[in-house]
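Only one structure is covered here, and it is reproduced in the block below.
The values are calculated or read from the model by the stated rules, or taken from the named source; none is laboratory data. On a predicted model such as this, the values are computed, not experimentally measured, just so you know. All Cβ positions, glycine included, derive from the backbone under ideal geometry; neighbour counts span all protein chains shown. When the accessible area is computed, the model is the full protein with side chains, heavy atoms only, and any ligands, DNA or RNA have been set aside. Shrake-Rupley method; radii C 1.70, N 1.55, O 1.52, S 1.80 Å.
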Amino acid sequence: MKKFWHYIAVCAVVATIAPLTSCDDDDTVDPYDINYCYLYQPNSTFARLEYKANGEFLIDINDPLALKPVRLTKPAPRDLSVKVGIDPSLVDEYNQANNTEYTFLEGASIVNPVLTIPAGQYVSPEVITVTFGDKKGFQTEASDLMLPIVISDADGQTISKSSRIFLTFSSTYKANKVTAKHETAMTVDPEEDGWQNEYSTITISDILNADWNADDPITVKAVIDNSLIDAYNQANASSYKPIQASLANSDIVIPAGSSKGAITINVGDYTDIANGSEYIIPVKFSLTSGLGAELTSDVSYITISNLPLSLSKTAMLPSGYTQIAYESSWTGTLDGDNTDFAANLLADPDNNDTYLFAEPGSKVVVDLGSVKNVHIIAVSFYAWYYGLSDLLNVETSIDGNAWTKWGDVRIYGNPTYYISFSKPANFRYIRWTGGTYSYYDQAYYSGIKFYNK
């Protein structure tokens, strides 16, 4: 179990409270004529604890807890037996003097209530040691707790006013908070075989997530609530539609020893996503049982939509891809000029001695001669600082008339970037517009490659 002892020097604060911990005794008495028995303040008089509903501590304290020895200002004239104890009455006194609201910590005791200072010595070999019993005293509605420890008898020696230790604690109950996954996006590619049934059954293994593994099973009731769709669309500027769906399990159980709860949803016909429709399944949750569990969010949204067309980039070629070999039919233009484009950028893209100058806003069009299945395109510049910062308005086409929009991708910082399509793209033509200069007011394309699996 995690131990936590937070060191805060409070002696200076406590020392300002003359009725409680004044470091000097009565000025009318010469302190050199009296043998005082006293205590040093420990390095810390504060500890923080956190506990769960089953009584287990998440943040605990050393038990038994070793504090300080008892001391004398002069050598002991003989073996002295010094008694220490717990004084609950001092909590009110402390609160009044400090304008605080501590509650006395119940259930604690001193392991060694009598300490011996050997003759001729100043300090007891033992230190005061406290035990907290079953620690139930920490598991109350009071979060600020205090344990005053005092020297009650000094075996004939004078007890100094510096004979008190005020141990303070903050003790906090921690619920096992269960959070519903806010949104799970399912995307379908209508060009893939079997897409119509890919999500006829949806299982989400982590629709519910607890802060820690459940001590006892946590049960949460789930229902589909389509009344939430309008508010969701309004908040997210979306146009999701309801879809026929049912829950395979209306009671979600997070088993003891686990922190996750799963849900399975049976989904009806969603094939209209090929025509632009998007669907959403709002699931609302309520806590049924579970010791110490609290539900912190109670709605999850499952969306089903067409796979969005987008671009991503990496500075290294991902594994498993093969370069598509150059064909003599490939051509290209930079701002409408095809001079040396294919020879410099397509036929020999690894030769950094050949390159073409490009300005911000320059337009590239590549014709692969026939339709190719492309997963990645690599774009290289002479150097990153002689490059362009973005490829804007990337589009592909099969026939040169109808164009598919893929969006923009930022390519700043490396001489070559491998740009992946969100799904394999079939095209003959590809075009884009260059962004701003990366660094210098010059940019030079040095190569363009295409890859697939």
Review point. Which members of the stretch 369-399 meet the condition of being open to solvent by less than 20 Å² (accessible area, probe 1.4 Å), within 19 Å of residue 315 (Cα to Cα) and not aliphatic (A, V, I, L, M)?
Key: 380, 381, 387, 389
Point to revise | Count of the stretch 140-149 residues which are surrounded by fewer than 17 Cβ atoms within 10 Å (Cβ to Cβ) and not small (Gly, Ala, Ser) | key: 3
Revision key, fill the gap. The residue that is surrounded by the fewest Cβ atoms within 10 Å (Cβ to Cβ), considering only those in the stretch 123-139 that are touching a residue at least 60 places away in the same chain (Cβ under 8 Å) and assigned to a strand (DSSP E or B), is 131
Practice item. Could you look through the stretch 150-183, keep only residues that are basic (Lys, Arg) and in a strand (DSSP E or B), and pick out the one that is most open to solvent (accessible area, probe 1.4 Å)? Key: 177
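Does residue 265 satisfy the condition of being open to solvent by less than 20 Å² (accessible area, probe 1.4 Å), modelled with pLDDT of 95 or more and either within 28 Å of the chain's Cα centre (by Cα) or not basic (Lys, Arg) (or both)?
Yes.
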Exercise for review: Would you list the strands (runs of 3 or more DSSP E) that sit entirely within the stretch 231-303 and hold 1 or more residues that are of a type outside the set (Phe, Trp, Tyr) and in contact with a helix residue (DSSP H, G or I) (Cβ under 6 Å, 6 or more places away or on another chain)?
Suggested key: 279-289
Check your understanding: Within the stretch 190-217, how many residues are out of contact with any Gly (no Cβ under 9 Å at 6 or more places or on another chain) and either open to solvent by less than 50 Å² (accessible area, probe 1.4 Å) or over 30 Å from residue 275 (Cα atoms) (or both)?
Key -> 8
Check your understanding: Any idea how many residues of the stretch 98-128 are in contact with a helix residue (DSSP H, G or I) (Cβ under 6 Å, 6 or more places away or on another chain) and either under 30 Å from residue 77 (Cα atoms) or of a type in the set (A, V, I, L, M) (or both)?
Key -> 1
Practice item. Would you confirm whether any residue within the stretch 400-411 is open to solvent by 60 Å² or more (accessible area, probe 1.4 Å) and under 33 Å from the mean Cα position of the chain (by Cα)? Key: yes
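Among the listed residues 47, 97, which satisfies the condition of being in a helix (DSSP H, G or I) and touching a Leu at 6+ places or on another chain (Cβ under 9 Å)?
The unique qualifying residue is 97.
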Check your understanding: In the stretch 348-405, which residue that is assigned to a strand (DSSP E or B) and of a type in the set (Ser, Thr, Tyr) is nearest to residue 445 (Cα to Cα)?
Key -> 380
